[in-house]
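**Student:** Could you have a look at this structure, given as structure tokens, before my questions?
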Amino acid sequence: GQQGTQGLHRIREHHKAERTAAINLVRGLLREFGAAIPAGADKIRPAVLAALEDGDNDLPMPLRHALAGLLQRIASCEEAMAAIEKQLADIARDDTRCQRLMAANGVGLITATAMSAGIGDFARFPSGRHFASALGLTPREYSSGGSRKLGRISKRGDVYLRTLLIHGARSALITACMARKRGQTLDRTQQWALALAERKGHNKAVVALANKTARRLWAAEHHGVGFDPDHLSQREQRAG
């Protein structure tokens, strides 16, 4: 079952790559004829249809037919991705671990099902740091004597899971920024991430938040409890 779920993710990524390649091709072709398409995948279809319906531009008729075929290809990839996501939703509905994982900020259907299928038994990791390290989210260490220096993350382990966690952390950080602008109450994790972003920069804060999320997911599974964004470890309590 886990192998089958991972296969669904690989097929979805295949369709996603095909869609991205087709979108980039359409953008490049239309740009050569002076038609610039705004950023965003949802802008492609309206812009291409407008160019195809414009009889005054310089688009040759054979190219118009080819562009219409690319639009159909993009739509076909999106339909295939949606069908796989529906299958993953059915899997998550019957998987209590997926439901627990999705309770964390920045973890959605795709990340939860990929992690549940790809990691297997969380108990094989002795700690949350080992789990984050296995995903390549911990920094490399360059220490000598009494001097401790930490470098960039190792980027070892499952590239797909690490990418999903980082994208989810980026989305969670943006959500926290928007919540702060609206004057909404922030949980402990959001406050920590925003403060870190101000000190170290947005991208470093995103990776650090992905690291923290991975450790907390391991801890939640290890102790059999739900994900708590306001959780304070015993070590932090003693330090306070």
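**Student:** Working only within region 113-142, note down all residues that are more than 22 Å from the chain's Cα centre (by Cα) and touching a residue at least 60 places away in the same chain (Cβ under 8 Å).
**Tutor:** Once the filter is applied, which keeps residues that are more than 22 Å from the chain's Cα centre (by Cα) and touching a residue at least 60 places away in the same chain (Cβ under 8 Å), region 113-142 yields Ala123, Phe125, Ser127.
**Student:** Next up: Based on what the data block shows, is Ala89 farther than 30 Å from Ala219 by Cα, without any contact (Cβ under 8 Å) to a residue 24 or more places away in the chain and either touching a His at 6+ places or on another chain (Cβ under 6 Å) or outside the structural domain of Thr163 (by the TED database) (or both)?
**Tutor:** no
**Student:** Of Arg27, Arg19, Arg12, Arg73, which residue is out of contact with any helix residue (DSSP H, G or I) (no Cβ under 7 Å at 6 or more places or on another chain), surrounded by 15 or more Cβ atoms within 10 Å (Cβ to Cβ) and in a helix (DSSP H, G or I)? Even if it seems obvious, please write down each step before you answer.
**Tutor:** Values: Arg19 fails: out of contact with any helix residue (DSSP H, G or I) (no Cβ under 7 Å at 6 or more places or on another chain); Arg12 fails: out of contact with any helix residue (DSSP H, G or I) (no Cβ under 7 Å at 6 or more places or on another chain); Arg73 fails: out of contact with any helix residue (DSSP H, G or I) (no Cβ under 7 Å at 6 or more places or on another chain).
Of Arg27, Arg19, Arg12, Arg73, the one residue that is out of contact with any helix residue (DSSP H, G or I) (no Cβ under 7 Å at 6 or more places or on another chain), surrounded by 15 or more Cβ atoms within 10 Å (Cβ to Cβ) and in a helix (DSSP H, G or I) is Arg27.
**Student:** Which numbered condition trips up Leu52, out of (1) open to solvent by less than 60 Å² (accessible area, probe 1.4 Å); (2) of a type outside the set (D, E, K, R); (3) within 21 Å of the chain's Cα centre (by Cα)?
**Tutor:** Leu52 satisfies all of (1) open to solvent by less than 60 Å² (accessible area, probe 1.4 Å); (2) of a type outside the set (D, E, K, R); (3) within 21 Å of the chain's Cα centre (by Cα) except (3).
**Student:** Oh, and also: Kindly provide the set of residues from region 20-52 that are among the acidic types (Asp, Glu) and in contact (Cβ under 8 Å) with a residue 24 or more places away in the chain, ordered by number.
**Tutor:** Residues of region 20-52 that are among the acidic types (Asp, Glu), as a first pass: 32, 42.
Selection gives nothing.
**Student:** Hey, another quick one. Please enumerate the residues belonging to region 32-41 that are within 19 Å of His65 (Cβ to Cβ) and outside any loop (DSSP other than H, G, I, E, B).
**Tutor:** Of everything in region 32-41, just one residue is within 19 Å of His65 (Cβ to Cβ) and outside any loop (DSSP other than H, G, I, E, B), namely Glu32.
**Student:** On to the next question. Quick check on region 36-49: of everything there that is touching a Leu at 6+ places or on another chain (Cβ under 8 Å) and open to solvent by 80 Å² or more (accessible area, probe 1.4 Å), which residue is modelled with the lowest pLDDT?
**Tutor:** Ala36
The values are calculated or read from the model by the stated rules, or taken from the named source; none is laboratory data. Every value quoted in this text rests on a predicted model; they were computed, and no experiment measured them. Backbone-built Cβ (ideal geometry, glycine too); neighbour counts: all protein chains shown. The accessibility values were calculated without ligands, DNA or RNA, using every heavy atom of the protein model including side chains. Shrake-Rupley method; radii C 1.70, N 1.55, O 1.52, S 1.80 Å.
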